[in-house]
Each structure stands twice: as C-alpha cells, then as structure tokens.
Protein chains: 2
Amino acid sequence: MNVMDSTRRPRGRPQARPDAETRHVIAEAARAEFMANGYASTGMDAVAKRAGVSKKTLYRLVPTKAALFKASVADRIDSFLLAVDPDILALLDIEAGIERILHEFGRLTLAVDTIAIQRLVLAESDRFPDLATDFYAAAIVATHTNMTRYLTRMRDEGALVLDDPHVAAGMLRGMMIMEPQRAAMLGQRGAPTESEIAARATACARLFLHGCRP
Amino acid sequence: MNVMDSTRRPRGRPQARPDAETRHVIAEAARAEFMANGYASTGMDAVAKRAGVSKKTLYRLVPTKAALFKASVADRIDSFLLAVDPDILALLDIEAGIERILHEFGRLTLAVDTIAIQRLVLAESDRFPDLATDFYAAAIVATHTNMTRYLTRMRDEGALVLDDPHVAAGMLRGMMIMEPQRAAMLGQRGAPTESEIAARATACARLFLHGCRP
DNA sequence: TATTTTGGAGAATATCAAGTTTCCTAATGT
DNA sequence: ACATTAGGAAACTTGATATTCTCCAAAATA
C-alpha cells in the first residue's frame with residue numbers, strides 16, 4: 001500500500017504545478033524586476049504580480065526578499081562562464097584563436113542581461129558580499145582561468161611571448177569589454193551589436209598580438 | 001549707514017560658521033556615508049551625526065536626501081579628470097609617454113575613493129541618470145579624450161600605427177584598470193598599491209606597443 | 001454532499017526612515 | 001536684564017513596504 005502513496009493523489013485540491021516549477025517562475029519574475037528597478041526599489045507585490053502568483057504562495061516558497069534576490073541571481077551565475085571548445089581552437093592560428101575567444105567573451109559579457117546582472121551584483125555587493133564572491137568566482141575567475149590556460153598553452157608552444165599569462169589575460173579582457181560595458185552600465189549607450197562585438201574582437205586580437213608600433 | 005549694514009552684526013546669536021562652510025562639511029560627511037553604505041542604507045540621521053550638525057541645520061541647508069547625494073558626488077566629479085602635462089610628455093619617447101599616462105590614470109582611477117564613488121554612481125545610475133551622465137561626461141569622456149589626443153598626435157608624428165585612436169584609447173584604458181578595479185568594486189581585493197600600479201602601467205605600455213608575438 | 005487542501009485577493013501589522021516641528025540652550029546686541 | 005537669532009536633541013508625522021493573517025473560491029476525494 002505504501003507503494004501506491006506516490007501515485008495516489010491526496011485528499012484536497014491538487015497543486016497547480018509542482019513547487020519547483022513555481023519557484024522557477026518566481027525567480028524569473030524576480031530577476032526581471034530586480035534588473036529593471038534594482039533591489040531597493042523592487043517590491044514583493046510587484047514580484048508576485050509579475051510571477052502571476054499571490055503573496056501567500058510567494059512567501060510559502062521563499063523565506064525573505066533577500067533570499068529571493070540571492071536565489072534569482074545565483075540561478076544565472078553559471079551561465080556566465082566562458083568556455084570555448086579547445087578542439088576548435090586547436091585548428092585556428094593564434095590570431096584567429098584569440099579573436100574567437102574574444103568574440104565569444106564579448107557576446108557573453110556584453111549582452112543586455114549580463115550587463116544588467118553585473119550592475120546589480122556590483123550595486124548590492126555591500127549588502128550581499130557572499131553573492132558578490134560567488135559571482136566573482138563562478139563568472140569572472142572561471143572565465144579568466146580559461147583564457148589564461150589558452151594563453152599559457154600558446155606561450156608554451158612558442159606562439160606567444162608573455163611574462164605572465166595571468167596578467168595578460170586580465171588585460172585582454174579589459175581591452176575587449178571595459179569601455180562598452182561601462183558605458184552601457186551607466187546608461188550612456190546601448191549594448192553593442194553583434195557586428196560591433198565582432199569588429200572589436202578583431203581589433204583587439206590584432207593589437208594584442210602585434211602592438212601598434214610602426 | 002547702508003554701507004555699514006554688511007559689517008554690522010545682526011541682533012541674535014551669530015552663525016557658528018558661514019553656511020557655505022557648513023554645507024561643505026555636510027557634503028563631506030554625506031559622501032563618506034554614501035561611499036561606505038550606499039544610498040539606500042544611509043540615513044539622514046547618520047549624515048547629520050557624522051557632520052556634527054543637527055538634522056534641523058541639515059535640512060536648512062539641504063532640501064532632500066536625493067539632492068544631498070547629487071551634491072556630494074558632483075562635488076568630486078571634477079577631481080577625476082586625467083590631465084598629463086603635454087610639455088613633459090613631449091620630452092618622453094612613445095613608450096615612456098604611454099607608460100606615464102597610464103601610471104597617472106591608474107593612480108587616479110584605482111584609488112579607494114575613486115573606486116567607491118564609481119561604484120556608487122554605477123549603483124544609483126537608475127535613480128540618478130543625470131548624475132551618471134555628468135559623471136560619464138566629466139570623468140570618463142574627458143579623460144578618454146585626453147588620451148585620444150595624445151595617441152592621435154603620436155600617430156600623426158609617425159610613432160604609432162592606428163586605425164582609430166579613439167577605440168585604441170578605450171582599449172588602453174580597459175587593459176590598465178578593468179581587472180583590478182572590478183575586483184576591488186566587488187570587494188574581492190583591495191585597491192592596488194602604488195608599485196602594483198606602476199608595474200601594470202609598464203606592462204601595458206609594452207604590450208600596447210609591441211604586442212606579444214615572438 | 002461533505003470534507004480537504006490549494007491558492008488568490010488583499011487587509012492588517014510592524015518596522016523603518018524621511019522630513020517637520022517643538023522645546024530648550026547658547027550667544028549676541030540693546 | 002531683555003529681545004532676538006542660531007542651533008542641538010529628540011519627539012512626532014507620514015509614507016513605504018516587508019511580512020503575516022483572514023476570508024473565500026476552486027478543485028479534488030470520499
């Protein structure tokens with residue numbers, strides 16, 4: 001009889017959806033609100049309304065606003081990891097390889113969503129230091145490490161001359177994204193288009209490799 | 001007799017200091033609080049207390065918290081302009097010149113205060129878009145323009161080969177500061193030391209000019 | 001039909017902080 | 001002394017909003 005318990009429906013009204021699913025809907029809605037209005041200016045009423053859920057349900061599934069914030073951001077941290085297939089990279093020469101990595105990196109970090117979340121994490125890093133740490137580790141350090149690995153391999157193969165691939169990777173990232181990212185974060189420009197990203201990746205790769213001395 | 005009016009003290013208790021001075025003290029205190037706790041978490045009581053002033057006086061000199069915020073940040077925007085003496089630059093070769101600019105730029109933008117204010121402006125750019133615009137124009141664009149001017153001159157003198165000095169200046173800035181600045185903003189590292197800044201400037205200048213091809 | 005459980009709408013409560021006001025003391029001219 | 005202005009301490013008002021609670025309809029089983 002116990003075997004049946006899992007399939008047999010219990011007495012009262014059944015759940016509209018499993019809690020996990022509702023939680024996900026809530027997290028999506030919350031992220032959208034937080035990204036649009038920031039933490040302080042986002043109300044739980046607004047989140048509930050956008051999620052199409054009552055506050056009662058909201059608070060059944062989420063303990064506090066702070067937890068909701070962390071959950072809604074943490075949900076997407078993983079999606080910020082840059083990983084370029086090494087098999088493909090192996091087929092490209094050094095310049096094309098770097099260009100490829102930068103292009104992918106730019107697409108990732110210069111997307112409107114990514115920029116909004118970065119600004120959010122930055123803005124609330126005082127209130128949520130552990131979230132900032134998670135973000136830094138999962139998104140920034142991880143991506144940085146992947147780039148460093150590529151540069152190190154290229155150096156070992158003799159394709160590059162580098163004192164410190166780790167530092168060089170940081171410079172490469174900064175060249176590629178700082179300016180457009182910050183302009184967008186400050187609301188002074190929209191996120192760059194795909195072709196702008198591509199052009200910038202090309203220019204960066206060339207500058208990084210050849211410099212600009214005559 | 002009207003001539004005397006300006007020197008003659010009026011009837012009651014005199015002001016402890018001129019209003020302008022008190023305003024300045026308040027702005028300083030406010031900036032410190034905002035930088036430490038962010039806009040939302042900073043209370044007017046705390047600002048008054050730190051300024052050594054009562055809330056009555058505070059509100060006599062400042063209309064609202066929002067105005068206080070704008071004033072306290074705007075006060076310092078001008079101090080973020082990078083300006084390197086062109087006469088000195090003229091004496092240096094291209095590599096030393098770029099290194100010099102980057103060093104100065106790093107000192108400016110990687111100071112704890114600067115980083116804190118940038119984070120603040122970034123965090124509140126939704127609530128205060130015009131402040132963000134002012135900051136962008138006065139600090140970022142102006143500095144960028146100065147760098148671009150130098151690169152353009154060097155290119156015209158034949159010391160550099162550049163398609164677009166404007167874009168190149170953005171890349172140079174990103175190389176120099178993005179990584180350490182963001183780590184500090186996220187609370188993952190302290191602001192770099194003077195010698196770290198110097199070393200980074202040297203490495204950037206070399207990479208920018210010579211690239212890293214064997 | 002009676003019983004149960006889910007969930008919505010939103011009223012109620014609690015808390016917190018911005019902005020005002022009151023009351024009191026200090027410092028100065030007359 | 002007394003009138004008058006400055007300014008501090010703290011109470012008060014008000015508006016948000018996070019969190020809880022009440023009431024009720026919906027959807028299922030027995």
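Test B:R189 against the criterion of being modelled with pLDDT of 95 or more and not in a helix (DSSP H, G or I), and give yes or no. Against the criterion (modelled with pLDDT of 95 or more and not in a helix (DSSP H, G or I)), B:R189 qualifies. Only one entry of B:I115, B:I88 meets the criterion of being assigned to a helix (DSSP H, G or I), in the same structural domain as B:L151 (by TED's automatic domain parsing) and surrounded by 19 or more Cβ atoms within 10 Å (Cβ to Cβ), and that entry is B:I115.
Taking the stretch A:55-73 as the range and being under 11 Å from A:T22 (Cα atoms) and assigned to a loop (DSSP other than H, G, I, E, B) as the test, only A:V62 passes.
Looking at A:E28, is it without any contact (Cβ under 8 Å) to a residue 60 or more places away in the chain and either on the phi > 0 side of the Ramachandran plot or acidic (D, E) (or both)? For A:E28, the condition - without any contact (Cβ under 8 Å) to a residue 60 or more places away in the chain and either on the phi > 0 side of the Ramachandran plot or acidic (D, E) (or both) - is met. Among all positions in the stretch B:8-22, there is no residue which is open to solvent by less than 50 Å² (accessible area, probe 1.4 Å) and under 30 Å from B:R182 (Cα atoms). For the criterion of being among the basic types (K, R), more than 7 Å from chain A (Cβ to nearest Cβ) and either within 28 Å of A:G158 (Cα to Cα) or part of a helix (DSSP H, G or I) (or both), B:R206 passes. Taken together, A:L68, A:L108, A:L91 contain a single residue that is more than 17 Å from A:R119 (Cα to Cα), in contact with a helix residue (DSSP H, G or I) (Cβ under 8 Å, 6 or more places away or on another chain) and more than 14 Å from chain B (Cβ to nearest Cβ), which is A:L68. When B:L82 is tested against (1) surrounded by 17 or more Cβ atoms within 10 Å (Cβ to Cβ); (2) modelled with pLDDT of 95 or more, exactly one condition is not met: (2). Here A:R31, A:R76 are screened, and the one residue that is more than 16 Å from DNA strand D (Cβ to nearest atom), assigned to a helix (DSSP H, G or I) and under 30 Å from B:T42 (Cα atoms) is A:R76.
Pick from the stretch A:34-58 the residues that are open to solvent by less than 50 Å² (accessible area, probe 1.4 Å) and more than 10 Å from DNA strand D (Cβ to nearest atom): which of them is farthest from the other protein chains (Cβ to nearest Cβ)? Among those residues, the one meeting the criterion is A:V53.
The values are calculated or read from the model by the stated rules, or taken from the named source; none is laboratory data. Treat the numbers as computed from the prediction; the structure is a model and nothing was measured. Glycine gets a Cβ as well: all are built from the backbone with ideal geometry, and neighbour counts include every protein chain shown. Just so you know, the surface numbers come from the protein's heavy atoms only, side chains and all, with ligands and any DNA or RNA stripped out. Shrake-Rupley method; radii C 1.70, N 1.55, O 1.52, S 1.80 Å.
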